[in-house]
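J.: Here's a structure for you.
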Amino acid sequence: MSFNLSTFARITIIGLALCVAVSAHSQDSREPYAKTFDDFQWDEDEERVAIPGSLAVGEMLPTQALIRTFEQRVEKDPQDYAKLTVLGQLYYRHAKEADDLECYAKACDTLELALKIRPDYASAKLHLAEVYSARHRFKEALQLATEVRNQNSHSNIAIAIVADCQMELGRYDDAKQSIDELASREVSPPVLARQARISELTGDTNRAILLIDTALTSLDELGALPDEVKWYLWRKGNLLLSCGRAEEAKQFFARVIDIDPKDDASNTGLAQA
């Protein structure tokens, strides 16, 4: 079975903006906005890389097995930048799943090697930018994403990463411009989440709550699964709690806990409320 990298990049969870009908395990992010490639249409030209085996709808991808497979493939052809990029992404996924610091380092090294072989490879740049961002190397992540954005002005993923890094670096005016550009192209839950975050950061928490409400309505209309909705429920609870509406916040944290009793962030939020 063969997938291009765009499909593989989105397959860890259902792409909310596209309502893709395949789901698999992915560690839930607690960033204050949805920060994942899965949320945006992959609009780069990509190499085709064969993925071993076949996947049923809802089947969980065996990350470690895929890592072993691509390690073997890279060992046979160390100059294959496309396979190196997939391997780097797999290391990053496992790092998030297992909170494995060594795998974060492996992801960086592998993606940097892919870029050394092909410096203009947008996929490797964007995946490396995501890894850098996860390690709070926001300036480096911003530089890579900006390079892709300059090369391809239609790359929604690049714009999203640029906006995320600008927010983290406190460049709120620049971030707002980037998010406005993104929102002019698509109105989806991930974009709404970013709009909510910049509203919160600039002091308009009420607007942030309304934007998350809109995202939740959109998710309901898309028929999103509970695991796809829980981040947005947590996010609304967190916003409500931040402006003193503790009783309302409890309801949203409780809804997440009903979906996932082991959700640490929502259990903590409920305790704080």
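The values are calculated or read from the model by the stated rules, or taken from the named source; none is laboratory data. This is a predicted model, so every value here is computed, not measured. FYI the Cβ positions are ideal-geometry reconstructions off the backbone, even for glycines, and counts take in every protein chain you see. Surface areas here come from the heavy atoms of the whole protein model, side chains and all, with no ligands, DNA or RNA. Shrake-Rupley method; radii C 1.70, N 1.55, O 1.52, S 1.80 Å.
J.: Criterion first (crowded, with 19+ Cβ neighbours inside 10 Å and of a type in the set (D, E, K, R)) does ARG137 satisfy it?
T.: So ARG137 does not fit the description; no.
J.: Could you give me the residue pairs with C-beta distances under 7 Å whose first residue belongs to segment 216-232 and is touching a residue at least 24 places away in the same chain (Cβ under 8 Å) and of a type in the set (Gly, Ala, Ser), whose second residue is crowded, with 20+ Cβ neighbours inside 10 Å and in a helix (DSSP H, G or I) wherever it lies, and which are 6+ apart or on separate chains?
T.: SER218/PRO189
J.: Being part of a helix (DSSP H, G or I) and in contact with a Phe, Trp or Tyr (Cβ under 8 Å, 6 or more places away or on another chain) is the filter here, so list the residues in segment 127-162 that pass it.
T.: Correct list: HIS127, GLU130, VAL131, TYR132, ALA134, PHE138, GLU140, ALA141, LEU144, ASN156, ILE157, ALA160.
J.: Could you please let me know if GLN251 is touching a Gly at 6+ places or on another chain (Cβ under 8 Å), open to solvent by 30 Å² or more (accessible area, probe 1.4 Å) and more than 21 Å from ALA160 (Cβ to Cβ)?
T.: yes
J.: Quick check on my filter: what residues within segment 219-241 are open to solvent by 30 Å² or more (accessible area, probe 1.4 Å) and either under 17 Å from ARG194 (Cβ atoms) or touching an Asp or Glu at 6+ places or on another chain (Cβ under 6 Å) (or both)?
T.: Of everything in segment 219-241, just one residue is open to solvent by 30 Å² or more (accessible area, probe 1.4 Å) and either under 17 Å from ARG194 (Cβ atoms) or touching an Asp or Glu at 6+ places or on another chain (Cβ under 6 Å) (or both), namely ASN238.
J.: Residue under question is GLU200, and the condition is that it be open to solvent by 60 Å² or more (accessible area, probe 1.4 Å) and of a type in the set (Asp, Glu); does it hold?
T.: Here the answer is no, as GLU200 does not meet what is asked.
J.: How many residues does segment 121-168 contain that are of a type in the set (Ser, Thr, Tyr), touching a residue at least 24 places away in the same chain (Cβ under 8 Å) and under 24 Å from THR202 (Cα atoms)?
T.: 1
J.: Within segment 230-265, track down each residue that is within 15 Å of GLU31 (Cα to Cα) and part of a helix (DSSP H, G or I).
T.: Within segment 230-265, LYS230, TRP231, TYR232, LEU233, TRP234, ARG235, LYS236, GLY237, ASN238, LEU239, ASP264, ALA265 qualify.
J.: If you take the residues of segment 166-221 that are assigned to a loop (DSSP other than H, G, I, E, B) and acidic (Asp, Glu), which of them is modelled with the lowest pLDDT?
T.: If we take residues in segment 166-221 being assigned to a loop (DSSP other than H, G, I, E, B) and acidic (Asp, Glu), then GLU186 is modelled with the lowest pLDDT.
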